[in-house]
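In what follows, a single structure is set out as structure tokens and then discussed.
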Amino acid sequence: MSYIHKTISGLKSTSPAQAEFYQAVEEVLDSLAPILESNKLYQQQAIIQRLVEPERQIMFRVPWVDDQGMIKVNKGYRIEFNSALGPYKGGLRFHPSVNASIIKFLGFEQIFKNALTGLPIGGGKGGSNFNPKGKSDGEIMRFCQSFMTELYRHIGPTTDVPAGDIGVGAREIGYMFGQYKRLTGRYEGVLTGKSLLWGGSLVRKEATGYGVVYFAENMLSIKNKTLKDKRCLISGSGNVAIYAIEKLYELGAKPITCSDSTGTLYHEEGIDLSLLKKLKEESRVSLASYIEVHKNAMFIPINEYPKGGHAVWRFKADAAFPCATQNELTLADAQALITNGCKLVSEGANMPSTQDAINTFVDAKIAYGPSKAANAGGVATSQLEMAQNSSMQTWSFVQVDEKLKEIMKNIFETAHEAAIEFGQPGNLVLGANIAGFKRVADAMLEQGVV
């Protein structure tokens, strides 16, 4: 058994029943063979074994009281995975699907994503199986306060700086920051994704969506092509999807799909962005309401999805942007995309493609941007928010957007050059994994056995 597979086998033994975590680890480690062979020191110093084991795993209960006076209990998590490059950095996710496996896969991915940005931040992730949907502001506030009552002991501006993720926006960040301030008596940049009124950064809400499109533009630029006039499929309808659609329109592309938990929307004329924002940012209703305004659009309910896949990927298009959640793009979906003329996939969600789908994209040699590289715009802008907080400055939208664009270009070039160096030009999965690993691993070597 190889060194890598021994490591994975040992991980499954010590961390049982964590399928998403295993998937993330296997995807990374399988592409590290070339660099592990070229530098035996990584094996001698047990870098892989140390990387797959979090430095700290914090799990706690979160009791809170609903509007009827009933006591509810949720689980809370913070996985502080690796701090070789800087304080732990990664979002908090509030969603019913959250469990230890989900948080560990997200935290593990975050190590490499953050390393690729070139910024001084380590990797972490957290969250809860609390579902904000359908809850009143009062219930969300009480939950967030209870969550922070435990979490505050483990975070700080130079130790661990959480951000938002699915289910955690400026409202939830505000409630948690208020409780942190109450408990510590300190006003400091301990959370990112804050309101612009009190320390947030312009472009933070848009950053992941904009970044995934900037990454796609870089993938096309080496072929002397652009996104102009390209038909694009987008999944999701949260911040990532909405602002990917916004940036696609700015660059002359034509986004024709989006989706939510109830189904897929297809609009041949192009998604009506202002209506989408109204439905999802203001009214927070199903995408099915879209066709009440645009009769010529099509809504496919989730119970009518094709077997083994998703309706959002079954239309003719040039490019695809999975921006919803993990494992939303299957082997059948990947095959359908390629059959329908798709030449580019840029991932806005975390690990949205299954391993079979990734292999299909790589084998077909289409332009494929893996999530740890393509969706790093969010965490990059979070670090820019930290920089503004520490320097007591506020940068303009244009300033932050330009910095974001440059960071995404650097991430692409780093992954692209690593792929060439290790004999697989164009394979950004291998390039991103090796480049991210090398930066973290070399820092770990210099810091000794910790």
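Every number in this text was worked out from the coordinates using simple rules, so none of it is lab data. In this text, all values refer to a predicted model and were calculated from it rather than measured experimentally. Every residue, glycine among them, receives a Cβ derived from its backbone with ideal geometry; neighbour counts consider all protein chains shown.
Apply the a/c threshold of 1.5 to the C-alpha gyration tensor of segment 1-152 and tell me whether it is rounded, prolate or oblate.
Prolate.
Among Val203, Val73, Val98, which one shows the highest mean-square fluctuation when the chain is modelled as a Gaussian network with alpha-carbon springs under 10 Å?
In the Gaussian network model the winner is Val73.
Stretch Asn131-Glu55 to full length: gain in nm at 0.36 nm per residue minus the Cα-Cα span?
The Asn131-Glu55 span can extend by a further 24.6 nm.
Quick one: grab the alpha carbon gyration tensor of segment 242-384, order the square roots of its eigenvalues as a ≥ b ≥ c, and give me rounded if a/c is under 1.5, else prolate or oblate depending on whether a/b is larger than b/c.
Verdict is oblate for segment 242-384.
Around Gly127, with a cut-off of 10 angstrom between Cβ atoms, what is the net charge of the other residues, counting Lys and Arg +1 and Asp and Glu -1?
Taking every Cβ under 10 Å from that of Gly127, the sum is +3.
If you count, for each residue, the other Cβ atoms within 10 Å and average over each peptide, how do 194-201, 146-153, 87-94 line up from highest to lowest?
Descending packing order for the listed peptides: 87-94, 146-153, 194-201.
Taking the Cα centre of segment 207-369 as origin and charging only Cβ (+1 Lys, Arg; -1 Asp, Glu), how large is the dipole, in debye to the nearest 20?
Rounded to the nearest 20 debye, it is 340 debye.
Give me the orientation-averaged projected area of the Cα convex hull of the chain, in nm², one decimal.
21.3
I want the local charge near Arg142. Using Cβ-Cβ distances under 15 Å, sum +1 for each Lys or Arg and -1 for each Asp or Glu among the other residues.
-1
Determine the relative contact order of the chain: mean sequence separation of Cα pairs under 8 Å and six or more apart, normalised by residue count, in whole percent.
Relative contact order comes out at 15 percent.
With charges only on Cβ, +1 for K and R and -1 for D and E, what is the dipole size of the chain about its Cα centre, in debye, rounded to 20?
Computed about the Cα centre, the dipole is about 540 debye.
Considering only Asn114, Val440, Leu196, whose Cα is most displaced toward the positive end of the charge dipole of the chain, charges sitting on Cβ of Lys, Arg (+1) and Asp, Glu (-1)?
Leu196
Over 23 Å between Cα atoms, which of Lys40/Lys89; Lys365/Lys438; Lys228/Lys365; Lys372/Lys403 qualify?
Flagged as over cut-off: Lys40/Lys89; Lys365/Lys438.
Return the calculated 222 nm mean residue ellipticity for the chain, to the nearest 500 deg cm²/dmol, obtained by summing -39500 (n - 2.57) across DSSP H runs with n ≥ 4 and dividing by the residue count.
-14000 deg cm²/dmol
If packing is taken as the average number of other Cβ atoms within 10 Å across a peptide's residues, how do 369-379, 120-130, 44-54 rank, most packed first?
Packing proxy ranking, top to bottom: 369-379, 120-130, 44-54.
Could you pull out every one of the aspartates and glutamates with an alpha carbon less than 14 Å from that of Lys295, ignoring same-chain neighbours closer than 8 positions?
Within the straight-line limit of under 14 Å, Lys295 reaches these aspartates and glutamates: Glu268, Glu269, Asp272.
If the reach is capped at under 18 angstrom between alpha carbons, list the aspartates and glutamates near Lys135, excluding any in the same chain fewer than eight residues apart.
Hits, sequence-local ones excluded: Asp66, Asp67, Asp165, Glu172, Glu281, Glu282.
Any idea which of Gly348, Ala244, Tyr368 is furthest toward the positive side of the dipole for segment 207-369, if Lys and Arg beta-carbons carry +1 and Asp and Glu beta-carbons -1?
Tyr368
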